[in-house]
Amino acid sequence: MNVNGKLRGLTKMFGLGCLCIAVTLADTYASDASSSAELAKPTVVSINLCADQLTLVLAEPVQILSLSHLSHEEGGSVYVDLAKRYPTNTGLVEQVLPLQPDIVIAGQYTSRYTLRMLEAVGLRVEILPIADSIESMLGNITNLSIWLGQSRKGEALVKKLRQRVEALSSESLSHRPRAAVYDPNGYTVGENSLRGEVLELAGWHNVASDVGITRYGQISLETLLILNPDATIESPYSPDTWSRAQALSLHPAIKSRGLDADVIQVPSAQTICGGPWTVDLIEQLRLKVLRE
């Protein structure tokens, strides 16, 4: 091969080598950028109790800038001890702005004025709706995990919760004892509500359906005596600090008429919001069925 031929060959080899190096570097930089983006999860301020709970489940600690003040109340917060590691807010715009979060998570009943103010200053605001069924609860987990950049964690959690619910649904029960959710002033829930679905999946017959209540309603003391459930399920916000409304289930008429229902007390924190603890509650109430 002559000198010119050798030069052309070296040039081709050198050019190919440069190209390979360039492609490798580009891939490396792209990979690094992708890793950095993956590491930089959005920071969050929650101004809603239910969002607090799911944020604590799904977010990394470094993402959480502030939670609502209700997250520090034992009566409302499932993860009260964990929540106490973080600052709180009362949902005021002036408390949120200095934190400059990437995302603010509010509830469907958060003040419209607050939401408009937050959006007006350029903050991203997402609304977490109230979960009124197992499906909507799982949907909230999925959506919030996406907002937080934690979709894989959300998918894994939803999958596990579905498996637990399906396992309960597939078990056959020889009997379904009768129960009434009996909140202060006789407020109760029907089958088309999260707590109603919890009762159904746990294996109880909800007596609210016997009087035509499908979502939310009231059962008077007289009606409760007629229905004569095997159990009443209560969720006092502060146990043993009875108000007159809460004391309805202690009325002397209940015992004088022979109503001998078991009273099942469920922590209010397990019933205020929907989340993984809701499936825990189904399993706990199923154990009560098996003992009836």
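Worth a mention:
- Residues of the stretch 163-178 satisfying the condition of being among the basic types (Lys, Arg) and under 25 Å from LEU225 (Cα atoms): ARG176, ARG178
- When GLU166, GLU155 are checked against the criterion of being charged (D, E, K, R) and either in contact (Cβ under 8 Å) with a residue 12 or more places away in the chain or under 17 Å from LEU58 (Cα atoms) (or both), a single residue qualifies: GLU155.
- The one condition in (1) within 30 Å of LEU287 (Cβ to Cβ); (2) outside the structural domain of ASN192 (by TED's automatic domain parsing); (3) in contact with a His (Cβ under 6 Å, 6 or more places away or on another chain) that ARG178 fails to fulfil: (2)
- Spans of strands (runs of 3 or more DSSP E) in the stretch 168-240 with at least 2 residues among the hydroxyl-bearing types (Ser, Thr, Tyr): 187-189
- Residue that is modelled with pLDDT of 50 or more, of a type in the set (A, V, I, L, M, F, W, C), loosely packed, with under 11 Cβ neighbours inside 10 Å and in a helix (DSSP H, G or I), where the choices are VAL57, VAL96, VAL62, VAL23: VAL62
- Matching residues in the stretch 265-292 - criterion: being assigned to a helix (DSSP H, G or I) and not hydrophobic (A, V, I, L, M, F, W, C): GLN270, THR271, PRO276, THR278, ASP280, GLU283, GLN284, ARG286, LYS288, ARG291
- Pairs with Cβ under 8 Å, 6+ apart, first in the stretch 120-143 and over 27 Å from LEU92 (Cβ atoms), second acidic (Asp, Glu): SER133/GLU197; ILE134/GLU197; THR142/GLU155
- Only one entry of LEU224, LEU148, LEU168 meets the criterion of being modelled with pLDDT of 95 or more and either aromatic (Phe, Trp, Tyr) or on the phi < 0 side of the Ramachandran plot (or both), and that entry is LEU148.
- When we screen SER209, SER249 for residues that are polar (S, T, N, Q), over 29 Å from the mean Cα position of the chain (by Cα) and either at pLDDT 90 or above or at negative phi (or both), the only hit is SER249.
- Single residue of LEU194, LEU221 found to be surrounded by 14 or more Cβ atoms within 10 Å (Cβ to Cβ), in contact with an Asp or Glu (Cβ under 7 Å, 6 or more places away or on another chain) and assigned by TED's automatic domain parsing to the domain that holds LEU281: LEU194
- Inter-residue pairs, beta-carbon under 9 Å, first on the phi > 0 side of the Ramachandran plot and in the stretch 83-106, second at pLDDT 95 or above and part of a helix (DSSP H, G or I), 6+ apart: GLY91/HIS69; GLY91/THR114
- Residues that are farther than 24 Å from PRO267 by Cβ and either of a type in the set (A, V, I, L, M) or in contact with a Ser or Thr (Cβ under 7 Å, 6 or more places away or on another chain) (or both) within the stretch 157-190 comprise just one, LEU173.
The values are calculated or read from the model by the stated rules, or taken from the named source; none is laboratory data. Every value quoted in this text rests on a predicted model; they were computed, and no experiment measured them. Every residue, glycine among them, receives a Cβ derived from its backbone with ideal geometry; neighbour counts consider all protein chains shown.
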